[in-house]
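One structure is given here, and the rest of the page talks about it.
The values are calculated or read from the model by the stated rules, or taken from the named source; none is laboratory data. Computed from a predicted model, the values in this text were never measured in an experiment. Every residue, glycine as well, gets a Cβ built from its backbone with ideal geometry; the counts of neighbours run over all protein chains shown. The protein model used for the area step is the full one, side chains on, heavy atoms only, and it has no ligands, DNA or RNA in it. Shrake-Rupley method; radii C 1.70, N 1.55, O 1.52, S 1.80 Å.
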Amino acid sequence: MMKPLLLGVGLLLAACTNLPTPTARLDLADALAARQGWQRVPIPSGTFELAAYIPRTHNTGDALTVYIEGDGLAWISPSQPSLDPTPNNPVGLKLALANSGGNAAYLARPCQYTDTEARGCSQRYWTGQRFAPEVIEASDIALDALKARFSARQLTLVGYSGGGAVAALLAARRNDVKRLITVAGNLDHAAWTRLHHIEPLTGSLNPVDARDALNGIRQWHFAGGKDKVVPPSLVESFANHFPDDQRPSVFVEPEYDHACCWVENWPRLLATTR
């Protein structure tokens, strides 16, 4: 009777053994950024200190594109949260580094690339409360800091996966976001949890509930035809909540899944939003 449990524990321990440490994940992001002449900078943001990556040298200008990371390594099994949500594959950062044209910056989510025992870091902020009001407030403060650093007046927000939800919620509360772009974005987490038969994200704000505030903002949402994490039907459903004359553009890439092949083709995809 105990064999399945022991097997499960053994597999989990093996997975944990093979998982890169938080330090290794941080070093990977730093190395990716350094190759493109970017650097990591901390941004005090109320409850949290958020990590950002920016070019070491950049021009000041009117417009800034900010990329917001996904949920990262939120869980190591269906029932066990990670001890550190720093991404194992930082797709959001890779998209930022592939940005073509204009100033760009990258913003991590709370407790990524930082000491999870630091002030404000609790597992709830990468599990059920990953889109909590205090999370969005901290990201809002960070956007102001990035705007000031680049002397920008207008923002384009690009969110990957759960970062799409953060980007949409930020766009809904600000008056300087001119464009909202998501990639495999979780834009209705209530529908998402129902689809996957998992616990609701109680305590999290939901982008679909802020749709009225998004009217007037130009939106593009990319979905992967083979994405089983955030399937295109969820993205289309979000867009269908808008009036016909305000409906966001939804582009489905038939051969893409949740991680592949956004980074490789990002310059081409980004060009379709201009």
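Suppose we filter Gly101, Gly37, Gly72 for residues that are modelled with pLDDT under 95 and either open to solvent by less than 50 Å² (accessible area, probe 1.4 Å) or within 28 Å of Leu269 (Cβ to Cβ) (or both); which single one remains?
After applying the criteria, what remains is Gly101.
What number of residues within the range 1-20 are closer than 22 Å to Gly72 by Cα and either modelled with pLDDT of 95 or more or surrounded by 11 or more Cβ atoms within 10 Å (Cβ to Cβ) (or both)?
Here is the first cut: in the range 1-20, the residues closer than 22 Å to Gly72 by Cα are 11-20.
Then drop every residue that is not either modelled with pLDDT of 95 or more or surrounded by 11 or more Cβ atoms within 10 Å (Cβ to Cβ) (or both), which leaves 11-12, 15-16, 19-20.
The number of residues fulfilling the criteria is 6.
How many residues are in contact (Cβ under 8 Å) with a residue 24 or more places away in the chain, of a type in the set (Val, Ile, Thr) and outside any loop (DSSP other than H, G, I, E, B) when one looks only at the range 22-78?
Selection size over the range 22-78: 6.
Could you tell me which of the residues Ala138, Ala148, Ala105, Ala98 is out of contact with any Pro (no Cβ under 7 Å at 6 or more places or on another chain) and more than 14 Å from Arg40 (Cβ to Cβ)?
It is Ala148.
Here is a yes/no grid of residues against (1) more than 24 Å from Val208 (Cα to Cα); (2) open to solvent by 10 Å² or more (accessible area, probe 1.4 Å); (3) at pLDDT 95 or above:
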{"site": "Leu107", "(1), (2), (3)": "no, no, yes"}
{"site": "Ser122", "(1), (2), (3)": "yes, yes, no"}
{"site": "Pro133", "(1), (2), (3)": "no, yes, yes"}
{"site": "Leu155", "(1), (2), (3)": "no, no, yes"}
{"site": "Val158", "(1), (2), (3)": "no, no, yes"}
{"site": "Ala172", "(1), (2), (3)": "no, yes, yes"}
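Let me spell it out: the conditions are (1) assigned to a loop (DSSP other than H, G, I, E, B); (2) surrounded by fewer than 22 Cβ atoms within 10 Å (Cβ to Cβ), and Pro87 meets all of them except one. Which number is the exception?
So Pro87 meets the others, but not (2).
Under 20 Å from His189 (Cα atoms), charged (D, E, K, R) and free of Cβ contacts under 8 Å to residues at least 60 places away in the same chain, is that true of Arg109? Give the derivation first.
Numbers: under 20 Å from His189 (Cα atoms): yes; charged (D, E, K, R): yes; free of Cβ contacts under 8 Å to residues at least 60 places away in the same chain: yes.
Here the answer is yes, as Arg109 does meet what is asked.
Would you please list the contacts, defined by Cβ atoms under 6 Å and residues six or more apart or on different chains, that run from a residue in the range 200-227 that is surrounded by 15 or more Cβ atoms within 10 Å (Cβ to Cβ) to a residue that is in a loop (DSSP other than H, G, I, E, B) and aromatic (Phe, Trp, Tyr)?
Close Cβ pairs (under 6 Å, with a partner that is in a loop (DSSP other than H, G, I, E, B) and aromatic (Phe, Trp, Tyr)) amount to Ser204/Phe131; Leu205/Phe131; Gly224/Tyr256.
Within the bounds of the range 81-99, is there any residue that is within 22 Å of Arg149 (Cβ to Cβ), of a type in the set (Ser, Thr, Tyr) and touching a strand residue (DSSP E or B) at 6+ places or on another chain (Cβ under 7 Å)? Outline the logic, then answer.
Just the residues of the range 81-99 that are within 22 Å of Arg149 (Cβ to Cβ), to begin with: 90, 92-99.
Of the ones still in play, those that are also of a type in the set (Ser, Thr, Tyr) are none.
Checking the range 81-99: not a single residue is within 22 Å of Arg149 (Cβ to Cβ), of a type in the set (Ser, Thr, Tyr) and touching a strand residue (DSSP E or B) at 6+ places or on another chain (Cβ under 7 Å).
Please count how many residues of the range 136-151 are under 18 Å from Ala104 (Cβ atoms) and out of contact with any helix residue (DSSP H, G or I) (no Cβ under 8 Å at 6 or more places or on another chain).
Qualifying residue count for the region: 9.
Could you check, for the range 122-138, whether at least one of its residues is farther than 25 Å from Pro200 by Cα, within 13 Å of the chain's Cα centre (by Cα) and outside any helix (DSSP H, G or I)?
no
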